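Before any comments, here is the structure.
The values are calculated or read from the model by the stated rules, or taken from the named source; none is laboratory data. This is a predicted model, so every value here is computed, not measured. Virtual Cβ from ideal backbone geometry, glycine too; neighbours counted across all protein chains shown. All accessible areas refer to the heavy atoms of the entire protein, side chains included, with ligands and DNA or RNA removed. Shrake-Rupley method; radii C 1.70, N 1.55, O 1.52, S 1.80 Å.
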Amino acid sequence: MRSSTSAQEDLYRQRRTEIVDAAERCVKVRGLHQLTLRDIAREYGKSLGNIYNYFPNKEAIIEALVERESMRFMALTTTPEDDRCVNFLERLERCAVRLVESYLDPEGLWLSIFSASEALVNERVRKIVIASNKRMQGYLLRQILVEAHAEDEMTPERVRELEVQIVLTRAFCESLRGARFFHPDLDLEILKREAVRRIVDNTLSAM
């Protein structure tokens, strides 16, 4: 039998999730800069005071949104068991495909653009985005080293080079979002194929 404390914790997490869901719907319509807690409360169907029971300010909700996107990104780029039976080059290619598809996924497109825009004018949001970027870059670095069985073979200098390449790769992937957003007539399959080729070639050159 579940304790009352566990039930309260589950309810607390559920309410936070519902508020973040409401904020996500608001951001898709209004963007982040114009978004207010009152907007979120209205979308959530509760009072503004109720929101403050779970989040102290708008930035805390933005942090939860960014964290949700980070978790989604890591889930999309995690190597599935079926890929472990092929060689490293093929695993890298498949990882690059998942990486490109995760960046071109419409669900992540809007939040990335709005977060970057808000980070330019809001220092707290900038710190949230930077922390998220560091976490995802570290995740990709560990995954590549493990897949290449190179954790103990790479010199510190080579690891730093690979870290830079990962940063450049993610910046390149962000540009793919812009390409899709501002050039909707582009052939998406050609865009994916060329992006995967560049990511694989650049990653291999840094190892």
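Over the chain, DSSP H runs of length four or greater, each weighted -39,500 (n - 2.57), average out per residue to a 222 nm ellipticity of -26500 deg cm²/dmol.
Scalar couplings 3J(HN,Hα) for the range 190-205, obtained by applying the Karplus form with A = 6.51, B = -1.76, C = 1.60 to θ = phi - 60°, are 5, 4, 4, 4, 5, 5, 4, 4, 5, 5, 4, 4, 5, 5, 5, 5 Hz; x denotes Gly and Pro.
Each part gets one Cα centre, and for the range 102-116 versus the range 8-35 those centres are 17 Å apart. Across the options PRO80, ALA64, ILE190, the greatest Cα extent toward the positive end of the charge dipole of the chain (unit charges at beta carbon of Lys, Arg, Asp, Glu) belongs to ALA64. Rounded to two decimals, the Cα radius of gyration of the range 1-62 over 2.2 N^0.38 Å is 1.21.
Counting only protein chain heavy atoms and rolling a 1.4 Å probe, the accessible areas of ASP21, ASP185 rank, largest first, as ASP185, ASP21.
With the gyration tensor restricted to C-alpha atoms of the chain, the semi-axes of the equivalent ellipsoid amount to 35, 21, 16 Å, longest first. Comparing TYR44, VAL20, ALA119 along the charge dipole axis of the chain, the residue lying farthest to the positive side is TYR44, per the Cβ-charge model. Measuring how big the range 138-197 is from its alpha-carbon positions, Rg and Dmax come out at 14.8, 45 Å. Using C-alpha pairs under 8 Å with a sequence gap of at least 6, the mean separation divided by the residue count of the chain gives a relative contact order of 21 percent.
Counting 0.36 nm for each residue step from SER70 to LYS134 and taking away their Cα separation leaves a gain of 22.0 nm.
The value obtained for the range 38-130, namely the Cα convex hull volume divided by the number of residues, is 128 Å³ per residue. Along the range 36-50 the Karplus relation, 6.51 cos²θ - 1.76 cosθ + 1.60 evaluated at θ = phi - 60°, assigns HN-Hα couplings of 10, 4, 5, 4, 5, 4, 5, 5, 6, x, 10, 6, 4, x, 5 Hz to successive residues, with x for each Gly and Pro.
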